[in-house]
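Rule-based calculations on the coordinates, nothing more; no lab input. For clarity, every value in this text was computed on a predicted model and none was experimentally measured. For neighbour counting, all protein chains shown are included, and Cβ atoms are generated from backbone atoms with ideal geometry for every residue, glycine included.
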Amino acid sequence: MHARILCLRVVLTFISKRDAHRSRLTFQIFIHSNLEIVANLLQKGIRKTTSEYRYLSDVAEHRTSLPQLAQDEATIVDTLDREGICITSLDALGIPSSQKMIEDALAVRDEMCEVGAKNNFFVLPSEEQRIANPSFFLWGLEPKLTRIVEAYIRLPISYLGVGLLRSKPDGDNSKSRCWHRDTQDRRHVKVTVYFNDVNEAGGPFQFLPHTVTPFFLPTWYSKVYKKNFMSDDKMSKFVSPDKWKSCTGASGTVIFFEPNGFHRGKIPTESERFAAIYKYASRHPKHPDFCDPHFSANELNTYQQYLTPEQKEMVWKIR
Ligand SMILES: O=C(O)CCC(=O)C(=O)O
């Protein structure tokens, strides 16, 4: 905005004062009368450059401390890098606590049904429910997951907790059911776990792989479209619907994705999709103010007893 005002003023000033002898003086007057804007632009530029420099040097410094990956983990990281998404399953990951996590999630869902939880697609179990079912939160700190996430982000990671999603066939085609990007960090990861079988009519998660996303679309979306949710009609003008990746799959499907990529939950027409979404970012994300953790301080206190010192460091905190 400031840059646009400044350019306009430059043009107007120099059009009105074409006399070559007076151009130096004109320039000085111009700078003086626009000092505030010039200072703001410089400050913004310096802040941006400093933050980019810090990011790049942190990545370079952390390179030798990245975790060693097993072959299946490296494949997930490579696919995530190339496509922005990698689909696997709880069985393939083979994490021992998965069974308990599923039981806890189903227990929470049933309770939410009993208490008539809000008919909204993003729901959080109550604090009491979460504290009573800690494996749900703790699963996100399983070393296999955090190794994959850290190798992809390339920096020490922050775990922002887990949210629940109940996407019902309710005809609501708003918010996260439209195409959008999450831009809290340069590289961040969400891991979605399905708790029921999901077909096309069950409102699968959908994603635009990096390989089919036109290079200008992310910038166009942030600068021109102002990060509004994009309808199917609008998106189909850029990417044909047969290239949208529909993540149908059985209960236990696990989807690693880069939220900077365009994604949305397709509106279900027949059955509900019940899923957990685990969130991770780096410890110094680009926009920390928009990183909303899915847990309270009280809840976190009760989890401390289960956490190793490394896991405690990984839990999101303002740094
Ligand atoms: O799975 C979904 O329905 C959408 C999830 C989503 O938009 C998000 O986590 O940012």
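Restricting the first residue to the stretch 142-162 and requiring it to be closer than 18 Å to H284 by Cβ, which pairs with a second residue that is of a type in the set (K, R) and part of a loop (DSSP other than H, G, I, E, B) meet a Cβ separation below 6 Å and a spacing of at least six or different chains?
I153/R187; P156/R283; S158/R283
Residue-wise test of (1) over 25 Å from the mean Cα position of the chain (by Cα); (2) farther than 30 Å from E127 by Cα; (3) small (G, A, S).
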| residue | (1), (2), (3) |
| --- | --- |
| A39 | yes, yes, yes |
| K44 | no, yes, no |
| R47 | no, yes, no |
| T50 | no, yes, no |
| E73 | no, yes, no |
| A92 | no, yes, yes |
| P96 | yes, no, no |
| K100 | yes, no, no |
| A105 | no, no, yes |
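Which condition number in (1) closer than 19 Å to K190 by Cα; (2) buried (at least 19 other Cβ atoms within 10 Å of the Cβ) is the one that P288 fails?
Failed condition: (2).
So, Y278, is that one assigned to a helix (DSSP H, G or I) and either within 11 Å of the ligand (Cβ to nearest atom) or touching a Leu at 6+ places or on another chain (Cβ under 8 Å) (or both) or not? Lay out the reasoning, then the answer.
Numbers: assigned to a helix (DSSP H, G or I): no; either within 11 Å of the ligand (Cβ to nearest atom) or touching a Leu at 6+ places or on another chain (Cβ under 8 Å) (or both): yes.
Answer is no for this residue.
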